[in-house]
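Student: Sending over a structure as structure tokens; questions will come in a sec.
The values are calculated or read from the model by the stated rules, or taken from the named source; none is laboratory data. What you see is a predicted model, and the numbers here were worked out from it, not measured in a lab. Glycine also receives a Cβ, built like all others from the backbone with ideal geometry; neighbour counts cover every protein chain displayed. Areas reflect the complete protein model, heavy atoms only, side chains present, ligands, DNA and RNA absent. Shrake-Rupley method; radii C 1.70, N 1.55, O 1.52, S 1.80 Å.
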Amino acid sequence: MGVRTDEVRKKYLDFFKVSPRNHTEITPAPLVLPEDPTTLFTSSGMQPLVPYLMGEPHPSGKRLVNSQPSLRVQDIEEVGDNRHTTYFEMLGNWSLGDYFKEEQLAWFLEFLTGELSFSKEKLWVSVFEGDKSVPKDTESVEIWKKLGIPDERIFYYDVGKNWWSRSGIPDKMPVGEIGGPDSEVFYDFGEELRLHEKSKWARQKCHPNCDCGRFLEIGNSVFIQYRKEEDGSLKELPQKNVDFGGGLERLTAVTMDTPDIFKIDVFANIISEVEENTGKSYEGNEVEMRVIADHLRACRALIEAGVIPSNKMQGYVLRRLIRRSAVKMRSLKGGLEKKDLNLGFGSGVEMVIEEEVERFGKSLERGVREIEKAKVVDGRKAFDLYQSYGFPWELTVEIAEERGQKIDRKEFEREFGVHQDKSRSSSVGMFKGGLADKGEETVRLHTATHLLHAALRKVLGGHVSQKGSNITAERLRFDFSHGEKLSDDEIKKIEDLVNEQIDKDLEVTSEVMRLEEAKKSGALAFFGERYDEKVKVYTIGSFSREVCGGPHVARLSELGGHVRIVKQESAGAGVRRIYAHILP
Ligand code: ALA
């Protein structure tokens, strides 16, 4: 019988909540932080806790615990083996300048061997080997030894493996970023497992942190105690913190004594639907079914968080996940129908998936035929497929490699880079307000755009974000993420809300600050500026706050009238476009 994921989560939370550990359970952050322009998704439990790890007191105290739904798109191409997923739940416990290595390592070990009954002999650990500025973590080594992990099962790795920050190794950390050395725990499924794995691993030396299949990383204790300084050095934070992250799905798999995390309940449910739908069994079709199970579970979480498929940011990730699943389903079934990815997720989620499958289905067949026809799928071809048929790069690779065709990845990236540069420069234009000129009328309409943006979010929801803006002396045009046509009632509500602010004659002010501060102060910002960049933030009363280059009117009475939405249309999948005037 399987051990349910819910039970493992509960055991972990309870273990850290009771004495002597006395942690407070905090609510996890949303998967998509609508007003955080620095990142698309919450990808670790510590992400919302950064200010507290830096010293600000947390309202719930110094010992916190939770389970954080997380998404890591960087792992998308790894999905298909027995351990990688894009979406997962991260069990987390934190010490904000309270307990440190001694307690953390002992407690995690006690949780594994006591609560989950793992045998200590199966556990291997890794520690930081030290570098030019941070010493070797001999403290953790001594603690592990005292706890009964012998020298032979303690491995040392460099910054690549045993250092953690949101941006990776110390050299990649921007000024102000925090991080530290870490110590990971691995479960050993036994040497024979390695022999069954593909030949890729057979010729390489096995070690706990390799992905051959024998070892599974199940938890990571990060000792966050450094901050990156202006001069590039790492400085000790005023407090030493623990940031622990454990993979809920992986821990659940170990409790079932299986190295295949797709055997646990949350995936098995989806996989049995796929088996039924295709008439094929999981055995022998693992890769396809794992991709479908992981991706669609991620899609469900994204759609429930308000994301809709599009060509940008979170929407594009959702689109890729659906399209990749569609290709796998097509290869399992030998064809694709629009309801094939409806796997018991409830009608709201399925509707979004179904629409995207339908949209993609037509180009999928044409694109696959093009790949089959092509003598060589070179980078340019892959890029054409991306542009013409909406084939994400890695999808072309999937399809082409199954047919034994090779692809020049560098060339694709070059093509893609050219395209991105172009769109980046047009987004710089948008960032400056998308103004055609700086005449009085366009300035007024620009301020009206900010009002509309805020009102759209208040009336339609936080999923609304700017996708484009264009202003002439006659009218404003504004594109935003939203899947449906606005009703007359919604339009009226939006107009009324905007015009109420105008009637209040709110003041428009601006200040310059670092993007990070702007973000913390609740300003909307939608283009990929750098973390430490200085930006200008425009505030309209307490109604709107947005990163923007200006210019704007000084007070809303200068708009000289009321805003009226005169037209709406679709501007692509999941994007609405509205036109508005100011009527005196
Ligand atoms: N923040 C650490 C991680 O994500 C625990 O691995």
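Student: Using modelled amide H (1.01 Å from N, peptide plane; none on Pro or chain starts), what sits under 5 Å from the amide H of Asp408, excluding residues fewer than 5 places away?
Tutor: Gly379
Student: Something else about it: Residue separation times 0.36 nm, minus the C-alpha to C-alpha distance between Lys10 and Glu121: what's the value?
Tutor: Values: separation 111, 0.36 × 111 = 39.96 nm, distance 2.49 nm.
Here the segment from Lys10 to Glu121 would lengthen by 37.5 nm.
Student: Further question: Stretch Thr509-Ser521 to full length: gain in nm at 0.36 nm per residue minus the Cα-Cα span?
Tutor: Numbers: separation 12, 0.36 × 12 = 4.32 nm, distance 1.43 nm.
Fully extending the segment from Thr509 to Ser521 adds 2.9 nm.
Student: Over the chain, give the accessible area per residue in Å² for a 1.4 Å probe, as an integer.
Tutor: Numbers: 25690 Å² over 584 residues.
In whole numbers, the chain has 44 Å² accessible per residue.
Student: Please work out how much length the chain gains when fully extended from Lys146 to Lys280, using 0.36 nm per residue of separation minus the C-alpha to C-alpha distance, in nm with one decimal. Please list the in-between numbers first.
Tutor: Values: separation 134, 0.36 × 134 = 48.24 nm, distance 5.00 nm.
That works out to 43.2 nm of additional length.
Student: Using only the heavy atoms of the protein chains and a 1.4 Å probe, how would Met54, Met90 rank by accessible area, largest first? Walk me through the numbers on the way to the answer.
Tutor: Working: Met54 65, Met90 25 Å².
These residues rank, largest area first, as Met54, Met90.
Student: Okay, helix-only estimate at 222 nm for the chain: each DSSP H run of n ≥ 4 adds -39500 (n - 2.57), divide by all residues, round to 500 deg cm²/dmol; what do you get?
Tutor: Numbers: 18 runs with 226 residues, N = 584.
Calculated from helices alone, the mean residue ellipticity at 222 nm is -12000 deg cm²/dmol.
Student: About the Cα centre of the chain, what is the dipole size in debye to 20, counting +1 per Lys and Arg Cβ and -1 per Asp and Glu Cβ, all else neutral? Walk me through the numbers before you get to the answer.
Tutor: Numbers: 86 positive and 98 negative charges, 227 e Å.
Magnitude of the dipole: close to 1100 debye.
Student: Taking amide H positions as placed 1.01 Å from N in the peptide plane, with prolines and chain starts having none, which residues 5 or more places from Arg555, or on another chain, fall under 5 Å of its amide H?
Tutor: Val508
Student: Show Lys101, Lys493, Lys333 ordered by accessible area, largest first, where the area counts protein heavy atoms only and the probe is 1.4 Å. List each step's numbers first, then the result.
Tutor: Working: Lys101 15, Lys493 110, Lys333 80 Å².
Listed by decreasing accessible area, they come as Lys493, Lys333, Lys101.
Student: Just to compare against my own numbers: the Cα pair-distance distribution for the chain, 20 Å bins, whole % per bin, please.
Tutor: Each 20 Å bin holds this share of Cα pairs: 18, 48, 31, 3, 0.
Student: Ignoring ligands, DNA and RNA, please state the percent of accessible area on the chain from carbon and sulfur, probe 1.4 Å. Intermediate results must be reported in sequence, preceding the final value.
Tutor: Working: 12170 of 25690 Å².
For the chain, the apolar C and S fraction of the accessible surface comes to 47 percent.
Student: Next up: Which FRET efficiency value, to the nearest 0.05, do you get for Glu413 and Leu583 by plugging their Cβ-Cβ distance into 1/(1 + (r/R0)^6) with R0 = 51 Å? Intermediate values should be presented prior to the final figure.
Tutor: On the way: r = 49 Å, r/R0 = 0.96.
After rounding to 0.05, the efficiency reads 0.55.
Student: OK, next. May I ask for the net charge around Asp182, where only other residues with Cβ less than 14 Å from the Cβ of Asp182 are counted and Lys, Arg are +1 while Asp, Glu are -1? Could you put the intermediate results ahead of the total?
Tutor: Numbers: positive: Lys101, Lys136, Lys161, Arg166, Lys240; negative: Glu129, Asp131, Asp137, Glu139, Asp158, Glu184, Glu217, Asp243.
That sum, taken over residues with Cβ under 14 Å, equals -3.
Student: By average Cβ neighbour count within 10 Å, what is the ranking of 297-304, 24-31, 147-154 from highest down? Walk me through the numbers on the way to the answer.
Tutor: Details: 297-304: 22.4, 24-31: 16.1, 147-154: 13.6.
Order by mean packing, descending: 297-304, 24-31, 147-154.
Student: Kindly state, to the nearest 0.05, the FRET efficiency for Asn311 paired with Glu440, given R0 = 41 Å and r defined as their beta-carbon distance.
Tutor: Numbers: r = 34 Å, r/R0 = 0.84.
Working from the Cβ atoms, E equals 0.75.
Student: I'd like the accessible area for Val377: 1.4 Å probe, protein heavy atoms, all chains in place, Å² to the nearest 10.
Tutor: Its accessible surface works out to 0 Å², give or take rounding.
Student: Let me ask another. Kindly identify segment 5-262 as rounded, prolate or oblate by the Cα gyration tensor criterion: order the square roots of the eigenvalues as a ≥ b ≥ c, call it rounded if a/c is under 1.5, otherwise compare a/b with b/c, prolate if a/b is larger, else oblate. Walk me through the numbers on the way to the answer.
Tutor: Details: a/c = 1.33, a/b = 1.27, b/c = 1.05.
Verdict is rounded for segment 5-262.
Student: Read phi for every residue in segment 79-96 and hand back ³J(HN,Hα) as whole Hz from Karplus 6.51 cos²θ - 1.76 cosθ + 1.60, θ = phi - 60°, with x for Gly and Pro.
Tutor: Karplus-based 3J(HN,Hα) across segment 79-96 equals 5, x, 7, 7, 9, 8, 9, 8, 9, 7, 9, 9, 6, x, 10, 10, 10, 9 Hz.
Student: Shifting gears a bit: Say R0 is 22 Å: what FRET efficiency, to the nearest 0.05, do Asp131 and Lys205 get from their beta-carbon distance? Before the final figure, lay out each step's value.
Tutor: Details: r = 23 Å, r/R0 = 1.03.
For R0 = 22 Å, the calculated efficiency reads 0.45.
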